[in-house]
Amino acid sequence: MEDKLVTLAIHTYQKAQILKTMLESEGIEVYLHNVNLIQPVVSSGVRVRIKESDLPRALKFIEDTELFKDENKTEKKAEEKQTPKILIPVDFSDYSINACTLGFNFAKEIGAEIVILHAFFTPFFPSTLGDSFSYQTLNEEESILLQNEAEKELNKFAKQVREKISKGECPDVKFTTILRNGLPEEEIVNYSNEYKPTLIIMGTRGKNQKDLDLIGSVTAEVLDMVKVPLFAIPEKTRFSSFSEVKRIAFGTSFDQKDLIIVDSLFKIFQPYQIEYYLFHITQKQEDAWNEIKLAGIKEYFAKQYPVTSIHYDIIDGNDFDSNMEKFIRDNKIDIISLSTHKRNIFARLFNPSMARRMLFHTDTPILALRS
């Protein structure tokens, strides 16, 4: 049976070449696709492909070497306390506008500024050269036209936001726009690492998205990589300001880190009157150990937050989707908050986090907090 090729990663030409050299030193055959044959160095979105049988070894190598880890991180020194920033990545869709509305309201409440970021990706197209088949990116002139078009759309979006401000549909908050060329998920994470916004707010389509979108969703990819809180807003979200939020559910695995995460959650929503619902998902029915740990959690929060309204529940994970929807519906949950942590490539590919999974199975906004 023929060993088919699979895409291991998508990088710039320089990064792809580095990865190719390092993998080949481990005895792994590597093929680069989507390379601009005339000007290789301007190629973006170069696909690094390997044999499927080599995938486990290649993934382990990348994890062990932590390749490209934090290479774009820039420590920004501040002489004085800076104004907090809220980052809103947009794709000019209706749910991007929804994200802006909520983001501007929250920024007004905490005295923050808004950064609207759009990343455009230079496309590639198939071409043939003799008997070979390859991909090419746009030439320099076409790339400039594409960038000009993206800049035009971003300016148009900014104008739309200013119109909403003038009509009183959004508060008058200082905002800037940023245009970047590259894979959207990479550019969002790079900006976040550089400037460390207080919160990232991203619009999503909600549970009507096809499962095929799971790997390609920008929001899902960013959720797995960023170190700052990320708020994902489905297009059917009922509220446009956190002041309208009444009930927040937090998923706990009874890990010690969850206690710290819940504390940060309470601080975010300190100005508001919120009821909290702590829930734990298990596939073991009548697990006495879960009940014991839940009792410990209750005792801890009763001492630490005596005046905060907190409810507790254990959800059967054997029918995760329907039981979770029932929990949300019965308790009228406005936001689901979940902790995320750094997960290796194997876990991201074959065992998506609960936060990532729920992006596609609920119309309830998700607040992901990094543990």
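The values are calculated or read from the model by the stated rules, or taken from the named source; none is laboratory data. Worth saying up front: this structure is predicted, and the values here are computed from it rather than measured. Cβ: placed from backbone, ideal geometry, glycine included. Neighbour counts: every protein chain shown. Heavy atoms of the whole protein, side chains included, go into the accessibility calculation; ligands, DNA and RNA do not. Shrake-Rupley method; radii C 1.70, N 1.55, O 1.52, S 1.80 Å.
Here are a few things to note about the model shown:
- Per-residue accessible area (protein heavy atoms, 1.4 Å probe) orders 307, 90 as 307, 90, starting from the largest.
- Efficiency of FRET from Cβ geometry, residue 169 and residue 26, R₀ 41 Å, rounded to 0.05: 0.15
- Accessible area of residue 83 in the full protein assembly, 1.4 Å probe (Å², nearest 10): 60
- Overall form of the stretch 219-282 per C-alpha gyration tensor (a/c, 1.5; a/b vs b/c): oblate
- Magnitude of the charge dipole for the stretch 227-348, about its Cα centre and with charges confined to Cβ atoms of Lys, Arg (+1) and Asp, Glu (-1), is about 520 debye.
- Ranked order, 91, 224 - accessible area, probe 1.4 Å, largest first: 91, 224
- Solvent accessible area, Å² - residue 280, 1.4 Å probe, full protein context: 20
- Accessible area (Å², 1.4 Å probe, nearest 10) - residue 31: 80
- Rough spin-label spacing in nm, given labels placed 7 Å along Cα→Cβ, for residue 312 and residue 246: 2.5
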